[in-house]
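Engineer: Following this message is one structure expressed as structure tokens.
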Amino acid sequence: MSTNQKIAVVTGGNRGLGFEASRQLAKQGYKVILTSREEAKGQAAAQKLQAEGLDVIAYPLDVSSNESSQSLAEFIRQQFGKVDALVNNAGIYIDTEAGSNSILNTKIDTLQTTIDTNVFGVVRVTQALIPLMKERNYGRIVNVSSGMGQLTDMEGGSPGYRISKTALNAVTRIFASELVGTNILVNSVCPGWVKTDMGGANAPRTPEQGVDTIVWLATLPDDGETGGFFRDRQPIAW
Ligand SMILES: NC(=O)c1ccc[n+]([C@@H]2O[C@H](COP(=O)([O-])OP(=O)(O)OC[C@H]3O[C@@H](n4cnc5c(N)ncnc54)[C@H](OP(=O)(O)O)[C@@H]3O)[C@@H](O)[C@H]2O)c1
């Protein structure tokens with residue numbers, strides 16, 4: 001590793017948008033730590049990208065675990081001593097699996113599980129890695145949210161997912177506000193509707209199109225935006 005090489009961490013990197021974001025960041029010269037909750041899946045995904053000549057390594061990370069988040073931070077501190085970009089991509093959508101897609105009878109368990117991954121997961125991993133960013137006064141944090149969390153466009157259905165993404169946007173604003181005056185920029189992104197396991201086969205966007213704004217936010221210049229919500233590189237309403 002050259003000493004100036006930037007380090008990026010992607011959560012949920014074994015498939016979907018996380019896998020493609022890992023590929024695109026590595027193509028831009030980053031060393032990517034592709035994390036996954038199942039170690040073997042992360043290894044297999046990293047090997048695929050290594051076979052494309054990209055600088056990607058795998059590390060296990062379950063965002064619902066404090067220990068796992070701390071272990072990642074310790075690994076990065078020992079191996080690299082820094083982290084430049086964090087893409088908080090891991091997420092779940094379990095409203096329909098749980099038997100009800102309505103807030104009239106969804107199970108509180110479904111809401112709790114979704115929020116633990118999609119919201120507290122982001123807080124856990126971000127809290128663990130921010131000290132490394134603060135030490136060098138550099139960091140780009142991208143929270144992969146969704147238009148389904150927009151209050152201006154809030155509809156019924158998918159209550160766990162919707163609530164989690166609205167809350168995630170609040171998390172973005174709070175981190176960004178507490179980090180004002182530093183060179184650590186924190187933003188939310190809606191990737192659009194993307195063909196992945198979560199998005200399904202009818203989605204119009206490819207993963208490559210879906211990660212464009214994610215990668216743009218992960219590589220913002222020093223005078224870049226913070227505390228915003230973006231789709232297609234443009235600000236969108238909360
Ligand atoms: N696809 C879309 O149209 C769309 C639209 C708007 C927003 N998004 C957001 O984009 C992000 C990625 O979505 P996707 O479409 O790529 O979904 P996906 O194909 O379902 O992939 C989700 C990823 O998150 C990982 N994950 C779930 N829980 C985890 C945990 N506790 N710890 C670590 N990793 C965990 C999954 O790991 P496993 O493989 O182990 O399950 C998988 O790698 C999500 O935040 C999603 O809400 C997607």
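Engineer: In the range 1-46, which GluC sites (Glu not before Pro) fall in coil by DSSP and have 15 or fewer other Cβ atoms within 10 Å?
Structural biologist: 38
Engineer: Here is a follow-up. Carbon and sulfur together cover what percent of the accessible area of the chain at a 1.4 Å probe radius?
Structural biologist: That fraction is 49 percent.
Engineer: For every other residue with a beta carbon closer than 11 angstrom to the beta carbon of residue 193, add +1 if it is Lys or Arg and -1 if Asp or Glu, then tell me the sum.
Structural biologist: +3
Engineer: Please give, to one decimal in nm, the separation of the simple spin-label points placed at residue 65 and residue 28, each 7 Å out from Cα toward the Cβ.
Structural biologist: 3.0
Engineer: Still on this model: Could you state the number of Å between the C-alpha centres of the range 173-191 and the range 31-84?
Structural biologist: Going from one Cα centre to the other spans 23 Å.
Engineer: Something else now. What is the packing order of peptides 67-78, 26-37, taking the mean over residues of other C-beta atoms within 10 Å and listing the highest first? Walk me through the numbers on the way to the answer.
Structural biologist: Working: 67-78: 15.8, 26-37: 22.2.
Going by the mean number of other Cβ atoms within 10 Å, highest first, we get 26-37, 67-78.
Engineer: Provide the per residue accessible area, probe 1.4 Å, for the chain, rounded to a whole number of square angstrom. Display every interim value, and only then the final one.
Structural biologist: On the way: 10910 Å² over 238 residues.
Per residue, the chain has an accessible area of 46 Å².
Engineer: Further, regarding this structure: Given the chain, what percent of its DSSP beta bridges are antiparallel, to the nearest 5?
Structural biologist: Percent antiparallel among DSSP bridges in the chain is about 5.
Engineer: What lysines could a cross-link reach from residue 27, if we take a straight Cα to Cα line under 24 Å and drop same-chain neighbours fewer than 8 places away?
Structural biologist: Candidates past the 8-residue exclusion: 6, 41, 48, 82, 195.
The values are calculated or read from the model by the stated rules, or taken from the named source; none is laboratory data. Computed from a prediction, not measured in an experiment: that's the story for all the values here. Positions of Cβ are generated from backbone atoms using ideal geometry, with glycine treated the same way; all protein chains shown enter the neighbour counts. Accessible surface areas use protein heavy atoms only, side chains included; no ligands, DNA or RNA. Shrake-Rupley method; radii C 1.70, N 1.55, O 1.52, S 1.80 Å.
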